[in-house]
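K.L.:
Shown below is the structure under consideration.
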Amino acid sequence: MTVSDLTVTDAREFQEKVKDVHRGYEELKTEVAKVIIGQEEVIELMLISMFTSSHSLLMGVPGLAKTLLVHTLADATSLTFHRVQFTPDMMPSDLIGTEVLQEDKSTGQRVFKFLEGPIFTNLMLADEINRTTPKTQAALLQCMQERQVSVGGQTHRLQPPFLVFATQNPIEQEGTYPLPEAQLDRFLFRIDVTYPNLRQEIDMVMNTTSRDQSEVQPVYTRERLVEHQSLVRQIPAGETVVNYAVSLVRATRPKIDGADAFTDENVRWGAGPRASQNLILAGKARALLDGRFAVEKEDIDALAQPILVHRIMPTFQAEAEGITAADIIRHYLDTLRI
């Protein structure tokens, strides 16, 4: 479906909705900029993740305001927010909640009551997610994928929107539990948070050491965000763009029909079909936030790195030669012709 397939009235309503999303996007960026200096690309990717109702992994060394970024987004969107510091001794019940035995004072009967854990929120920051054991990581997996929690034979649904932004320190590896590929695949983006430039760092220091701190005002309600999230999937993507996205993902897979020598030599494991779906879905969100009515090839190119970088595993030979997953993706973007 394209905008031209709609009736005149429906097309006008659709155009007004797209304009409303674009206005909301600009208002969100303005509010976030009151607290966060720079990091425009990081903020854009986080907002795309939010509007697609997807989870993202923030990768960066300590002190780059990753926690502040997520908290500021929650403040600007009126979402409930919980920050969970993952540790090696953390149990699944510390995350999802537990059942406790309580006595009904009126009847004297003892019953089990479920006490919700911090996972019951709209926006959760899973800080240093690789610090906790695989058992607790696995408990988070059902929440991320199915938006529900199973405890004591009962299923408890999480209120939409439910979003997880997880952080990892790329330097410190001792005492960590790397996320399995199955869980990494649940993250829409791996967002690399880098150091600010000189001007940005000066502005940051000036702002954070002054007496007056800017307060973030909510510009979105939860209901408005859910409505705009549903609008993302209505943005059309032409077959040519879908063909390009799927071909880009398939190019990363070694030892299949059509795989070239570069892939067979440098890629141990390529991206799966979820990467193709995410490229198109994130492309729709990027177009919508930009006020456009269709996905373009440039959207796919802009989003390929953060979507594919944690889904491609270089071979041992490639790693020895200093070839990273980011280098492999750049090769495909430079050479793929559709």
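K.L.:
With respect to the numbered conditions (1) more than 14 Å from the chain's Cα centre (by Cα); (2) loosely packed, with under 14 Cβ neighbours inside 10 Å, which one is the sole condition not fulfilled by Gln145?
P.N.:
It is condition (1) that Gln145 fails.
K.L.:
Across segment 168-186, which residue is surrounded by the most Cβ atoms within 10 Å (Cβ to Cβ) among those that are of a type in the set (A, V, I, L, M) and either modelled with pLDDT under 85 or closer than 18 Å to Gln85 by Cβ (or both)?
P.N.:
Leu179
K.L.:
What is the one condition in (1) out of contact with any Asp or Glu (no Cβ under 7 Å at 6 or more places or on another chain); (2) over 29 Å from Gln305 (Cβ atoms) that Val111 does not satisfy?
P.N.:
(1)
K.L.:
Within segment 133-177, take every residue that is part of a loop (DSSP other than H, G, I, E, B) and in contact with a strand residue (DSSP E or B) (Cβ under 9 Å, 6 or more places away or on another chain) and give me the one that is farthest from Glu99 (Cα to Cα).
P.N.:
So the residue we want is Pro170.
K.L.:
Separate question: So which of Phe112, Phe120, Phe165 ends up being more than 24 Å from Ala76 (Cα to Cα) and surrounded by 12 or more Cβ atoms within 10 Å (Cβ to Cβ)?
P.N.:
Phe112
K.L.:
Here's another thing I want to ask about it. Residues that are of a type in the set (Gly, Ala, Ser), under 15 Å from Leu289 (Cα atoms), touching a residue at least 24 places away in the same chain (Cβ under 8 Å) and not in a loop (DSSP other than H, G, I, E, B): does segment 40-53 have at least one?
P.N.:
yes
K.L.:
Report, by residue number, each residue of segment 64-95 that is touching a helix residue (DSSP H, G or I) at 6+ places or on another chain (Cβ under 6 Å), part of a helix (DSSP H, G or I), among the aliphatic types (A, V, I, L, M) and over 23 Å from Val226 (Cβ atoms).
P.N.:
The one that is touching a helix residue (DSSP H, G or I) at 6+ places or on another chain (Cβ under 6 Å), part of a helix (DSSP H, G or I), among the aliphatic types (A, V, I, L, M) and over 23 Å from Val226 (Cβ atoms): Leu95.
The values are calculated or read from the model by the stated rules, or taken from the named source; none is laboratory data. This is a predicted model, so every value here is computed, not measured. Heads up, the Cβs are rebuilt from the backbone with ideal geometry, glycines too, and the neighbour counts pull from every protein chain shown.
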